[in-house]
Amino acid sequence: MKRKIINIFKKTRKKISKYLSTNRLFLTFVLFSLIETIVIRNYTIRNVFDYKPLICDFALLIIIGAFGYFIKPKKQFNYYFIWLLIITLMCIINSVYYVFYTSFASFSLIAELGLVGEVGDSVVEKFRVIDFIYIIFPVLFYLVHTKLKRGSYYHFVTKIEKSKKMFVSTILAGIIILAFTLVNITGTDASRLVKQWNREYIVQRFGIILYQGNDLIQSLTPKINSLFGYDEAAKEFKDFYSKKFSEEQHKDNKYTGVLEGMNIVFIHMESIQNFLVNMQVNGVEVTPTINKLSKEGMYFSNFFPQISIGTSSDTEFTLNTSLMPASSGTVFVQYYDRDYVSIPKLLKEKGYYTFSAHANGSSMWNRNNMHPSLGYDDMYFQDFFVYDEKTDRLGLGMKDTMFFEQMQPVLEELEKNNTSYMGTLIQLSNHSPFSATDWNPQLYDELGSLDLTNTYTTIDEETGEEVQITDDYLKGTKLGNYLISAHYADLALGTFIDYVNNSEYYDNTVFVLYGDHDAKLDKAEYQYYFNYNIETGELYEEGDPEYVNYDNFANEINRKTPLIIWTKNKNVAKKIKRVNDNVMGMYDVMPTLGNMMNFDYKYALGHDIYDIGENNVVIFPNGNFVTNKVYYNNSSGNYMIIGNDSGDVSTNSVVIEEDYITNLKNYAEERLIVSNDIIIHDLIAKEGNNIPIIEESGES
């Protein structure tokens, strides 16, 4: 018996040894590729030791590698090397992309790079040396191949390899391993994989390779997808709005009709975050204009953009339609040809002339096609403006002061020739990457400067006298450059507001100013800012009384931007002046203004904030949501209790009931699904008139 066991052991060891010696290229490919998938998860979601994505990636790599056995051994290197390069490139792109978006890259966005113009500079600016660690593996793989080539490996394997048998056994092994990790998936897992709107969760559960493959399929077939699932989507759409129309009855409130008949101009404040409001550096306000307007108008201090990969374009879409961004790709590029119900269209029905203006190329985010689709009559893009590339450019284009200056005569003509008008002015100067080298000191000094140095008093050890030391610790940092950039953008806005106040026009015009999204700065930038000890030049550590715990939740809440409704009309200004601290999302703008201006907004997914008040829920494209009580992270399933007004952590002041999170998760998912179905299948146009009205008896 003992001898049999020994023989079995010897035979097994011999087979393993033979397999290892005759499949070196395949095994090296799988090993190097698997290490890359582990590294990308380590530098993004940090779940290195989670076996589920590891096994899933491993199984898929075996399946991919199995097809190499159809190729003669001498040429197998080319097949495996190409796949390793693809995986390497995938990891590099996702590593950089995750820093920028805290999400994973989509093929649909890569396909749209020609339409997002200079935004690519912002992504390139995020490159880190560590992002290119993956290049090591193709180099090592090539060295392994060179060594095998010099020996007799390929010649030997050619003689003994049974390609069909190896393919069948290898792919079967991959399928069995894949089945092992997929056998216990929940309905939620499957739903998220199909819908693709929570990318981070998919990578956490299924690994980077399955995520990217699934994304490729969905990105390549957006038009085909619209042909499938229509009946089910239409039914869900009609059921949702039938219930919504019967349960969410709008009642007039204090602000109903307060802006009716007024002209309205939206000012799209690029990358302006709410933490800048009332912030001072060395006694100088970073955003003096916004500070002033927030005190004179209606200021929403807990306002959240709801963007996906479309950033600024997602904000424009959600603000104008009260729908969420698309789960795959961007609405502005892939779904611009739908018939959306939007603010410009609804105001045109009331006799308004509509326009948009942006000093960038018309193809940026496909605005030349999407803006007409939203209902803008005329558009003023880069070709309309006159400026010198050398002396008048800041960052991505013409400086904001000139943009506002050249729009003044346009607005005056509108005031003279139109009974009512609506427009959108999009700022540009505060666009990332906020590089200090892009700043022309002469241009910047036209409006003022921002001194970021920090001065403190200490005792000279030799003389015993007090001395002042200046520390320019923010110089050259991304956050420091952002503060300088935002300060300029605010002062440029101030020149326009001064013009409005001094003009004979605009007494019947209201301005709605909003930050379109956060600055996309690394969490480490804020941690450095909050925890820098100017006296030691080091960072405060956890446990120190001065230490600020700027964690992931704090970073998410810090993405808030300001929203202000302002007018120079003193009578109207008195009626709307207030601060609203309730959480509010970009999709709440349309219904809130709809109540104030008396236009229809029945398909809005958001709410008039004065209808819903403290019960409002702001959902995000990845399934996260925030209320006055909690911020919930859909990927981890964790949440943070927050204070009602300030957003500070306050774990003892709010009690969360057991079903509170569950109900809100269902609330968020239902709206994400309905919104995406509307976009893909053009349901408002096709099914809007077929929504059954539920009577009080419950019959339709």
Single residue of region 48-105 satisfying the filter (within 22 Å of Ser308 (Cβ to Cβ) and either touching a Leu at 6+ places or on another chain (Cβ under 7 Å) or small (Gly, Ala, Ser) (or both)) that is surrounded by the fewest Cβ atoms within 10 Å (Cβ to Cβ) | Ser103
Report the residue count in region 16-65 for those that are touching a residue at least 12 places away in the same chain (Cβ under 8 Å) and touching a Gly at 6+ places or on another chain (Cβ under 9 Å).
-> 21
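Whether any residue in region 258-265 is in a strand (DSSP E or B), β-branched (Val, Ile, Thr), within 20 Å of Thr509 (Cα to Cα) and in contact (Cβ under 8 Å) with a residue 12 or more places away in the chain is what I want to check. Write out each step before concluding.
Step one: list which residues in region 258-265 are in a strand (DSSP E or B), which gives 263-265.
With the extra rule that they be β-branched (Val, Ile, Thr), the set shrinks to 264-265.
Still in the running and within 20 Å of Thr509 (Cα to Cα): 264-265.
If we keep only those that are in contact (Cβ under 8 Å) with a residue 12 or more places away in the chain as well, we get 264-265.
Yes, the conditions are met somewhere in region 258-265.
What about Ser485, is it of a type outside the set (Lys, Arg) and under 26 Å from Asn555 (Cα atoms)? Break it down into steps so the answer makes sense when it comes.
Numbers: of a type outside the set (Lys, Arg): yes; under 26 Å from Asn555 (Cα atoms): yes.
It is true that Ser485 is of a type outside the set (Lys, Arg) and under 26 Å from Asn555 (Cα atoms).
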Considering region 641-668, residues that are among the polar types (S, T, N, Q) and modelled with pLDDT under 75, and then whichever is surrounded by the fewest Cβ atoms within 10 Å (Cβ to Cβ), we arrive at Asn652
Breaking point among (1) surrounded by 19 or more Cβ atoms within 10 Å (Cβ to Cβ); (2) part of a loop (DSSP other than H, G, I, E, B), for Tyr211 = (2)
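Would you mind listing the helices (runs of 4 or more DSSP H) fully within region 434-534 where at least 1 residues are at pLDDT below 85 and surrounded by 13 or more Cβ atoms within 10 Å (Cβ to Cβ)?
The helices (runs of 4 or more DSSP H) meeting that bar are 441-444.
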Within region 266-302, restricting attention to residues that are among the polar types (S, T, N, Q) and assigned to a helix (DSSP H, G or I), which residue is surrounded by the most Cβ atoms within 10 Å (Cβ to Cβ)?
-> Asn274
Contacts under 7 angstrom Cβ, first residue in region 503-515 being in the same structural domain as Tyr587 (by TED's automatic domain parsing) and closer than 15 Å to Tyr352 by Cα, partner surrounded by 20 or more Cβ atoms within 10 Å (Cβ to Cβ) and not hydrophobic (A, V, I, L, M, F, W, C), 6 or more apart = Asn508/Asn263; Thr509/Asn263; Thr509/Thr567; Val510/Thr567
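The values are calculated or read from the model by the stated rules, or taken from the named source; none is laboratory data. Computed from a predicted structure; not experimentally measured. Backbone-built Cβ (ideal geometry, glycine too); neighbour counts: all protein chains shown.
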